[in-house]
Every structure is written in C-alpha cells, then in structure tokens.
Amino acid sequence: MGAKAKLATNLVLGLNRPALAEGMVFAEKLGIQPQNFLKLVLASPAQLQASVAKGQKMVDNEFKPQSRVRQHLKDVELMLDMAQEQGQNLPLSSIHAKLL
C-alpha cells in the first residue's frame with residue numbers, strides 16, 4: 001500500500017509543477033511580473049508545497065536539474081499502466097508523460 005500511495009502522491013506533485021510553470025508564463029504574457037504572480041499564488045488557495053519549493057526557482061530562471069526526468073517518467077508510465085489495469089483513464093497524466 002505504501003508504494004501505491006507514493007505513486008498517487010507523486011501523480012499530484014508531478015502535475016502541480018507544470019501547472020505552476022504554465023500559470024506563471026500565462027500571467028507574464030498578461031503583463032504580470034513573475035515575482036508578483038508568485039507572491040499572489042503563495043497567498044492564495046493555489047499555494048501548494050510545489051509553489052513554495054519551485055516557484056522562486058522558476059522566477060529566477062534557475063533550472064539546474066534536481067532529479068532525473070526519466071525516473072519521474074518511469075513513475076508516470078507505471079501510474080498509467082496501473083490505472084489502465086483498473087479501467088481508469090488518467091488524461092492529465094497522459095499529457096504529463098508527453099511533456100516529460
């Protein structure tokens with residue numbers, strides 16, 4: 001059960017980071033400075049641990065690898081396989097796998 005719970009948790013975490021990045025770029029295109037947008041996110045219900053951990057790095061254009069993309073992709077593919085076995089569709093995770 002622990003490994004299954006870890007996969008489910010990683011699903012949520014994995015989707016949070018690209019959502020934050022996409023929102024940050026969208027806000028910037030609308031004329032909102034990235035630092036100001038991050039402050040807003042951190043003071044709103046959109047604030048998640050991923051925002052705290054990765055938000056300032058995104059603002060600062062600091063993209064030094066902190067983990068292996070292929071490792072996370074392996075986990076996402078495992079999530080997709082397990083969901084398919086249960087007859088569940090994971091549309092956001094499917095897109096996430098393509099992004100990775």
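The values are calculated or read from the model by the stated rules, or taken from the named source; none is laboratory data. Quick caveat: nothing in here was measured; it's all calculated off a predicted structure. Cβ atoms come from the backbone with ideal geometry, glycine included; neighbour counts cover every protein chain shown.
Ala50: of a type in the set (A, V, I, L, M, F, W, C), without any contact (Cβ under 8 Å) to a residue 40 or more places away in the chain, out of contact with any His (no Cβ under 6 Å at 6 or more places or on another chain) and farther than 22 Å from Asn89 by Cα, yes or no? Against the criterion (of a type in the set (A, V, I, L, M, F, W, C), without any contact (Cβ under 8 Å) to a residue 40 or more places away in the chain, out of contact with any His (no Cβ under 6 Å at 6 or more places or on another chain) and farther than 22 Å from Asn89 by Cα), Ala50 qualifies. Cβ separations smaller than 6 Å between residues 6+ apart or across chains give the following pairs from the range 71-84 residues that are within 11 Å of Leu7 (Cβ to Cβ) to residues that are of a type in the set (S, T, N, Q): Asp75/Asn10; Val76/Ser93; Met79/Ser93; Leu80/Ser93.
Applying the set (1) within 19 Å of Ala19 (Cα to Cα); (2) in a helix (DSSP H, G or I); (3) at pLDDT 85 or above to Ala83 leaves exactly one unmet item: (1). One residue stands out in the range 87-100 among those that are modelled with pLDDT of 95 or more and in a loop (DSSP other than H, G, I, E, B): the one that is farthest from Pro18 (Cα to Cα), namely Gly87.
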